[in-house]
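Let me begin by handing over the structure; questions about it come next.
The values are calculated or read from the model by the stated rules, or taken from the named source; none is laboratory data. The shown structure was predicted, so the numbers you read here are calculated from the model rather than taken from an experiment. With ideal geometry, Cβ positions are generated from the backbone for all residues, glycine too; neighbour counts draw on all protein chains shown. For the accessible areas, the whole protein counts, side chains as well, though only heavy atoms, and no ligand, DNA or RNA atoms are used. Shrake-Rupley method; radii C 1.70, N 1.55, O 1.52, S 1.80 Å.
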Amino acid sequence: MKEFNYTITDPEGIHMRPAGELVKAAKQFESRITISKVFTIMSLAVKNGQEVTISVEGADEEAAAQKIKEFFEENM
């Protein structure tokens, strides 16, 4: 399993447009891609400055993890 952390830098956090593009990027791979974050009772949305953890597991996990990491770096 490949895993990496990423701190969101987009001032709007993860919102509809980049989330939709992220889904398109992830659909290219057969690996299971999971994005998670620790959240508080008061905040369920991922905002600027918060860290998410991306886990990728499957036959093409190396390529999938690289692509998703690049996507985050370019868009979030």
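What number of residues within the stretch 1-37 are touching an Asp or Glu at 6+ places or on another chain (Cβ under 8 Å) and of a type outside the set (Ser, Thr, Tyr)?
9
Give the stretch 29-47 a look and list any residue that's open to solvent by 50 Å² or more (accessible area, probe 1.4 Å), modelled with pLDDT under 90 and part of a loop (DSSP other than H, G, I, E, B), or say none.
Val38, Phe39, Ile41, Met42, Leu44, Ala45, Lys47, listed by residue number.
Tell me the residue from Ala65, Ala19 that is in contact with a Lys or Arg (Cβ under 6 Å, 6 or more places away or on another chain) and aliphatic (A, V, I, L, M), please.
Working: Ala19 fails: in contact with a Lys or Arg (Cβ under 6 Å, 6 or more places away or on another chain).
Criteria check complete, one pass: Ala65.
Going through Val46, Val38 one at a time, which residue ends up being of a type outside the set (Asp, Glu) and touching a Lys or Arg at 6+ places or on another chain (Cβ under 8 Å)?
Details: Val38 fails: touching a Lys or Arg at 6+ places or on another chain (Cβ under 8 Å).
Selected residue: Val46, the only one of Val46, Val38 that is of a type outside the set (Asp, Glu) and touching a Lys or Arg at 6+ places or on another chain (Cβ under 8 Å).
On the given criteria, is Ala19 surrounded by 11 or more Cβ atoms within 10 Å (Cβ to Cβ) and not in a strand (DSSP E or B)?
Details: surrounded by 11 or more Cβ atoms within 10 Å (Cβ to Cβ): yes; not in a strand (DSSP E or B): yes.
For Ala19, the condition - surrounded by 11 or more Cβ atoms within 10 Å (Cβ to Cβ) and not in a strand (DSSP E or B) - is met.
Now for a separate question. With respect to Glu62, is the statement that it is part of a strand (DSSP E or B), out of contact with any Cys (no Cβ under 8 Å at 6 or more places or on another chain), touching a residue at least 40 places away in the same chain (Cβ under 8 Å) and surrounded by fewer than 14 Cβ atoms within 10 Å (Cβ to Cβ) true?
Working: part of a strand (DSSP E or B): no; out of contact with any Cys (no Cβ under 8 Å at 6 or more places or on another chain): yes; touching a residue at least 40 places away in the same chain (Cβ under 8 Å): yes; surrounded by fewer than 14 Cβ atoms within 10 Å (Cβ to Cβ): yes.
No, not satisfied.
Just the residues that are modelled with pLDDT of 90 or more and either part of a loop (DSSP other than H, G, I, E, B) or of a type outside the set (A, V, I, L, M, F, W, C) (or both), please, taken from the stretch 1-16.
Pass one, the stretch 1-16, residues modelled with pLDDT of 90 or more: 1-11.
Once the filter is applied, which keeps residues that are modelled with pLDDT of 90 or more and either part of a loop (DSSP other than H, G, I, E, B) or of a type outside the set (A, V, I, L, M, F, W, C) (or both), the stretch 1-16 yields Met1, Lys2, Glu3, Asn5, Tyr6, Thr7, Ile8, Thr9, Asp10, Pro11.
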